[in-house]
1. Using a 1.4 angstrom probe on the protein heavy atoms only, could you order Met74, Met183 from most to least accessible area?
2. Please list the non-local residues whose amide H lies under 5 Å from the amide H of Val12, H modeled 1.01 Å from N, same-chain partners needing a gap of 5 or more.
3. 5 Å is the cut-off here: which amide hydrogens, built 1.01 Å from N in the peptide plane, fall below it relative to Ile131, excluding neighbours closer than 5 in sequence?
4. Which net charge results for the neighbourhood of Val216, defined as the other residues with beta-carbon distances under 12 angstrom from its beta-carbon, given Lys and Arg at +1 and Asp and Glu at -1?
5. Assuming 0.36 nm per residue, please report the length gained on full extension of the stretch Arg32 to Thr249 beyond their Cα-Cα distance.
6. Apply the Karplus curve 6.51 cos²θ - 1.76 cosθ + 1.60, θ = phi - 60°, to the phi angles in segment 174-180 and return the couplings in whole Hz, x for Gly and Pro.
7. Multiply the residue gap between Glu73 and Thr50 by 0.36 nm, knock off their C-alpha separation, and tell me the result in nm, one decimal place.
8. Post the alpha-carbon centroid distance, segment 194-215 to segment 57-83, in whole angstrom.
Amino acid sequence: MSRRQALPSPRVERRSRLASAEFFTDYYRRNRPVVIEGLMEDWPARTRWTPAWMAEHFGDETVEVMAGRDAQEMPDLHADRLRRDVPLRELLTRFDGAPANDMYLVARNSLLLRDAFRPLLEDLRAPAGYIHPDLHGPDRVHLWLGPAGTLSNLHHDHLNVLFCQVWGRKQVWLAPSWETPWMSNVRGFYSAVDVLAPDLERFPDFARVALHTVEVGPGDTLFIPVGWWHALRAVEPSLSVTFVSFEETPGMNTCWREGWLGATPPEEHR
């Protein structure tokens, strides 16, 4: 292990009730992550969306999950073959078991745009001054739901993301985009390194990466800058909501122009 990794992990700054103008000046435009407290206090979802309430009101509705993830080394690269339709109740019953990464409802589901689930949008509030208030357009808001143990391994997004933790806790690892040469970026926006057990013999350059770490809990909002590598693991059963339509940004976001999107990489990236 390099001296750099032996040092304490950098911590992500935490701010309370951060004014939107300061957010855009000091974090969004400077490509810096931050945890913001107090942006979700007016969300009905924080108290209403319990697993029991969701099972009662939506349990029989079919949702698309990624299932059989444990059998894949990099499950996010195999979304097409892992898609499975199940009643929401089946996913919620997993919450009482041991931590597992086998079944996860992820953003590509676009759950909140389906007619049966659109009433849930009324329980959310776009953080004022941060996010455009219209949440009904395509790709404006996404939902993530799974038991303890679900893991989104190291990757980076093609947009800035405002990640809102409704309930449960998640451990997050982050690394800035300029450390990409050491991330074993083998396909698209994904790293081949297992953040839980990095194999430094196979990926020796990863020893040079100083991972930032933070835990997000109910009511926490994490800004993940475009291009920043990150991994997220649910410490508890977890429900998260993400936004990408930022108020003060032309086009509502800043895009990462290189790489591919989707479950299957183009031939030239294989």
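The values are calculated or read from the model by the stated rules, or taken from the named source; none is laboratory data. Nothing here was measured: the structure is a model prediction, and the numbers come from that model. In this analysis, Cβ positions are derived from the backbone assuming ideal geometry, glycine residues included, and neighbour counts consider all displayed protein chains. Accessible surface areas use protein heavy atoms only, side chains included; no ligands, DNA or RNA. Shrake-Rupley method; radii C 1.70, N 1.55, O 1.52, S 1.80 Å.
1. Greatest to least solvent exposure: Met74, Met183.
2. Excluding prolines and chain starts, which carry no amide H, the hits are Thr213.
3. Sorted by chain and number, the residues that satisfy this are Glu247.
4. Details: positive: Arg14, Arg169, Lys170, Arg233; negative: Glu37, Glu215, Asp220, Glu236.
Result for the local shell: 0.
5. Value of the extension gain: 76.5 nm.
6. 9, 9, x, 4, 6, 9, 3
7. 5.1 nm
8. Between the Cα centre of segment 194-215 and that of segment 57-83, the gap is 26 Å.
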